[in-house]
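Read the structure below first, then the notes.
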Amino acid sequence: MSATGLPAPPDDATAWSWVAEERIALADRLAGLDAPAWDGPSLCAGWRVRDVVGHLVWLAEASRPSATIDILRQHRPPSAAIVRIGRREGRADPAELLDRLRRSADGRFVVITQPPVMALGEVLVHGSDALRPAGGERRPADDRTGLVADAYRGVGFVFGARPAAKVRFTADDADWSVGPADGPEASGPGEAVLLALAGRPEGAADLSGPGTALLRS
């Protein structure tokens with residue numbers, strides 16, 4: 001595995017400051033959605049836009065003890081519990097959800113053993129999950145996008161995008177690549193790279209090159 005064109009991973013304090021900035025920026029973008037869009041489907045299978053935002057609010061407000069207790073109270077496997085919690089939080093009025101996301105922007109919950117850059121990934125990926133179906137503008141790629149993409153490759157492909165292990169991803173709207181230097185290339189917008197690594201078919205659909213055959217198989 002190798003990455004080119006990216007700076008060194010940020011220290012924890014810097015990463016958390018980025019998370020806070022991205023939460024506030026996302027809240028500002030979501031404020032432009034009309035009422036029907038909030039009840040429309042997101043890119044996150046089975047979740048409406050409001051459920052995705054509810055999930056992000058829950059993550060921002062959570063601590064490890066509170067998250068553990070909440071998941072246990074659902075009496076379901078963790079993945080199913082997370083889905084149920086997202087839908088529960090998503091019942092709130094959109095204005096309330098956005099207010100809570102802004103007020104909890106400095107929240108520092110992340111799953112144990114994972115670095116803060118993974119919390120940044122939650123905001124970037126779920127932000128695209130919510131905004132893309134509603135016609136929102138693509139988030140321009142930058143070093144943050146690339147660092148999250150590189151981090152996703154380093155945590156065992158937790159999103160089920162295992163074919164991505166062999167692919168060299170190159171952002172065509174930024175100056176970075178991640179993945180094996182001799183792997184078949186998949187290139188496109190950095191946001192699409194990130195979505196593909198997060199297991200979203202819509203991300204792979206926006207990429208081109210020989211590596212896309214692996215992603216779409």
Any idea how many residues of the stretch 14-36 are surrounded by fewer than 20 Cβ atoms within 10 Å (Cβ to Cβ) and more than 18 Å from residue 104 (Cβ to Cβ)?
-> 5
Give, as residue ranges, the helices (runs of 4 or more DSSP H) completely inside the stretch 1-115 that count at least 3 residues that are within 19 Å of the chain's Cα centre (by Cα) and of a type in the set (D, E, K, R).
-> 12-30, 49-61, 78-89
Failed item, numbered, when residue 45 is tested on (1) without any contact (Cβ under 8 Å) to a residue 24 or more places away in the chain; (2) farther than 22 Å from residue 200 by Cβ | (2)
Pairs, first closer than 17 Å to residue 56 by Cβ in the stretch 74-93, second among the acidic types (Asp, Glu) and buried (at least 16 other Cβ atoms within 10 Å of the Cβ), C-beta under 7 Å, six or more apart = 85/70; 86/51; 87/51; 90/51
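Residues checked against (1) closer than 18 Å to residue 126 by Cβ; (2) in contact with a Leu (Cβ under 7 Å, 6 or more places away or on another chain):
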| site | (1), (2) |
| --- | --- |
| 2 | no, no |
| 12 | no, no |
| 44 | yes, no |
| 60 | yes, yes |
| 63 | no, no |
| 90 | yes, no |
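For the condition touching a strand residue (DSSP E or B) at 6+ places or on another chain (Cβ under 8 Å) and buried (at least 24 other Cβ atoms within 10 Å of the Cβ), what is the one hit in 192, 164, 204? Write out each step before concluding.
Numbers: 192 fails: touching a strand residue (DSSP E or B) at 6+ places or on another chain (Cβ under 8 Å); 164 fails: touching a strand residue (DSSP E or B) at 6+ places or on another chain (Cβ under 8 Å).
After ruling out the rest, the residue left standing is 204.
Residues in the stretch 178-189 that are on the phi < 0 side of the Ramachandran plot and either buried (at least 22 other Cβ atoms within 10 Å of the Cβ) or outside any strand (DSSP E or B) (or both): how many? Full working, then the answer.
If we filter the stretch 178-189 for residues that are on the phi < 0 side of the Ramachandran plot, which is where we start, we get 178, 180-187, 189.
Add one more test, that the residue is either buried (at least 22 other Cβ atoms within 10 Å of the Cβ) or outside any strand (DSSP E or B) (or both), and what stays is 178, 180-184, 186, 189.
Residues in the stretch 178-189 being on the phi < 0 side of the Ramachandran plot and either buried (at least 22 other Cβ atoms within 10 Å of the Cβ) or outside any strand (DSSP E or B) (or both): 8 in total.
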May I ask you to list pairs of residues, at least six apart or on different chains, whose Cβ atoms are under 6 Å apart, with the first in the stretch 173-192 being over 13 Å from residue 3 (Cβ atoms) and the second being basic (Lys, Arg) and part of a strand (DSSP E or B)?
-> 185/168
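Readers should treat all values here as calculations from the given coordinates under stated rules, not as data from a laboratory. Note that the structure is a prediction, hence the values are computed from the model and not measured. Neighbour counts are summed over all protein chains in view; Cβ atoms, including those assigned to glycine, are modelled from backbone coordinates with ideal geometry.
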